[in-house]
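So the structure is just underneath, and the comments pick up after that.
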Amino acid sequence: MFPSTAAGLLHPPLLTSEEILHIMEARGVYLIAIFFILLATGYGLMFLRRGIRYLKMVESKYIDESILDTVELSLRTVWGLSVLFSCLALLGLAWDWFWDNVWMLLADNPATGTGYIVPFMSCVIVGVLVGISIRLLHHNILYKEGRLGHKPRSVWNPRVALVVELFTKYLIIAMGVVMVITISLTAIGFYDQIVGGTAAWIALNRNGLIFLAIVLVLGYFFIKVSEAFLDDMRKKETSFSPQILTVSKLAIRYLITIVVGIVVLFSVLRMFELAETGVVIVVVFIVLIGVIGAVAAASNLRNAFSGLILMGFRPFVEGDTVRLLDNVVCDIVQVGLIFTKVRTVRGELIDIPNNDVLSRPIYNYSRSSDYAIAILVGVPEGSDIERVREWMADAIVETEHVVDGRPPEIFTVGMEQDRVVLEAQVHTGHHKRIRHIKSELMKNISAALRRHGVCCTVHLSDRDESEAMRIVKGHETQVAPRRLP
């Protein structure tokens, strides 16, 4: 008897030198066989690597570098495991203790009579074949799409190729998983119990499983029909924004998915007689989602609703020149679900929350008629007002981009200290160049009056201009007031 450990396993015996020599003489051929197997394995792996390197230089429509890497790794794995188990078997033949306490535990399972080595190697081979098959399938799909150096006679549509690849890929994976599970259950001796119990459960719940299959198929069908309908609406000229259609597509998809998921959950739990548990799970899930959504996305929901309103009623579109918020004149870059992206006259790119956009009036210059620019001019009290109006009108007409068909309107609007204040209303249709036109008007009016000896002040009456705008007053400059009292 060999000495035992606390766990009951036997220690390997301590052999004397004479016993070792006797074993070498009687069973040394097994040890020599192990040596030659390892030596042949080393040479074989070296030639395998060289062969793979050679094949990588010759790409074809059947193989490429990724496939060859997968093949090399698979062959190394299977070869290495085969050598390992062969060496263990030869070591067991050379050493009785190893045969009884190690090899027999791996090679013999009294419950099944097959052991674990053969099922394990079978599962490894199945996994290797699945991996190589998926690589070959992907490479072949790339060839069918014409994305390789070798071109097919007729190129496949990318969508068709994608569907074929996904269907075949997951079919191969499913078959591999079923085979691995079957082999594993057979190896541990529970195949008959599990398969028999599963078959009985399927027979008992056959109607429920058919109902589940119908629900899944109908859910998938309704999702595809709704997406096709919205895609058709996108192609036609409708009043709906493309982003509204995109959001609607996502909303319908998630809604159908949630409904189908709840139905499937209740059906499965009912098959296991746990319908009441399903009610509790659904209620808790809905409450948690509602609380989390209300706390984390309250402001985002307001912005999202505002975004839907902007996309639906479309007070502006991309490219329009508008005035938003606190007199921000800008061009619309993109109308999103949460933010509206704009570019100011200074080139600043701003993301404005949609709720803020709707909270204030929206001035759309691109959709308006000729835009009126108001220029305030202050002249000395004793000036000839009629002549001043003529000089101002001449300066305005000479300004570029001013509407020719609408002459400027000049009014006397009040007194400011010792000055008479005139207001000139000028119209232009060039909304993108408003700032340039305002600058030219102020410069031309000021220059025209000073040529005739009139010391004047010129500034804009629009509240959207900067507080720090400098105005001309003789040879001095000062900060213009926002609005005359």
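The values are calculated or read from the model by the stated rules, or taken from the named source; none is laboratory data. Keep in mind it's a predicted model, so treat the numbers as computed, not measured. Positions of Cβ are generated from backbone atoms using ideal geometry, with glycine treated the same way; all protein chains shown enter the neighbour counts.
Structure data summary
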| quantity | calculated |
| --- | --- |
| Residue within the range 354-363 that is assigned by TED's automatic domain parsing to the domain that holds Ile309, assigned to a strand (DSSP E or B), without any contact (Cβ under 8 Å) to a residue 12 or more places away in the chain and under 22 Å from Asn303 (Cα atoms) present | no |
| Which numbered condition Met415 fails, given (1) outside the structural domain of Phe313 (by TED's automatic domain parsing); (2) assigned to a strand (DSSP E or B); (3) touching a Ser or Thr at 6+ places or on another chain (Cβ under 6 Å) | (3) |
| Residue list for the range 253-269, restricted to those being among the β-branched types (Val, Ile, Thr) and either out of contact with any Phe, Trp or Tyr (no Cβ under 8 Å at 6 or more places or on another chain) or in the same structural domain as Val335 (by TED's automatic domain parsing) (or both) | Thr257, Ile258, Val259, Val260, Ile262, Val263, Val264, Val268 |
| Identity of the residue in the range 340-356, out of contact with any strand residue (DSSP E or B) (no Cβ under 7 Å at 6 or more places or on another chain) and not small (Gly, Ala, Ser), that ends up farthest from Arg314 (Cα to Cα) | Arg346 |
| Per-region count, the range 432-485, residues among the hydrophobic types (A, V, I, L, M, F, W, C), in a loop (DSSP other than H, G, I, E, B) and modelled with pLDDT of 75 or more | 3 |
| Residues of the range 84-101 satisfying the condition of being acidic (Asp, Glu) and under 13 Å from Met121 (Cβ atoms) | none |
| Test: residue in the range 339-348 that is aliphatic (A, V, I, L, M), exposed (fewer than 15 other Cβ atoms within 10 Å of the Cβ) and outside the structural domain of Val413 (by TED's automatic domain parsing) | yes |
| Flag if Gly131 is small (Gly, Ala, Ser) and either touching a Pro at 6+ places or on another chain (Cβ under 6 Å) or touching a residue at least 60 places away in the same chain (Cβ under 8 Å) (or both) | yes |
| Residue within the range 95-103 that is surrounded by 15 or more Cβ atoms within 10 Å (Cβ to Cβ) and under 49 Å from the mean Cα position of the chain (by Cα) present | no |
| Contacts under 6 angstrom Cβ, first residue in the range 196-211 being outside any helix (DSSP H, G or I), partner surrounded by 11 or more Cβ atoms within 10 Å (Cβ to Cβ), 6 or more apart | Asn205/Met271 |
| Residues (in a helix (DSSP H, G or I) and among the acidic types (Asp, Glu)) located in the range 385-399 | Glu386, Glu390, Asp394 |
| In the range 153-174, the residues that are in contact (Cβ under 8 Å) with a residue 12 or more places away in the chain and either more than 19 Å from Arg135 (Cβ to Cβ) or among the acidic types (Asp, Glu) (or both) | Pro158, Glu165 |
| Of residues in the range 140-152 being touching a residue at least 24 places away in the same chain (Cβ under 8 Å) and surrounded by 14 or more Cβ atoms within 10 Å (Cβ to Cβ), the one farthest from Val118 (Cα to Cα) | Leu148 |
| Filter result for Val402 (under 51 Å from the mean Cα position of the chain (by Cα), β-branched (Val, Ile, Thr), crowded, with 16+ Cβ neighbours inside 10 Å and assigned to a loop (DSSP other than H, G, I, E, B)) | yes |
| The range 356-367, residues that are surrounded by fewer than 18 Cβ atoms within 10 Å (Cβ to Cβ) and modelled with pLDDT of 80 or more | Asp356, Ser359, Arg360, Pro361, Ile362, Tyr363, Asn364 |
| One residue from Ser248, Ser267, Ser241 being among the hydroxyl-bearing types (Ser, Thr, Tyr) and either at pLDDT 80 or above or at positive phi (or both) | Ser267 |
| Subset tally (residues that are over 17 Å from Met442 (Cβ atoms) and either at pLDDT 75 or above or more than 43 Å from the chain's Cα centre (by Cα) (or both)) for the range 368-399 | 10 |
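Results for (1) of a type outside the set (Ser, Thr, Tyr); (2) farther than 30 Å from Arg450 by Cβ; (3) without any contact (Cβ under 8 Å) to a residue 40 or more places away in the chain, shown as yes or no for each residue.
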residue	(1), (2), (3)
Arg323	yes, yes, no
Asn327	yes, yes, no
Ala372	yes, no, no
Glu409	yes, no, yes
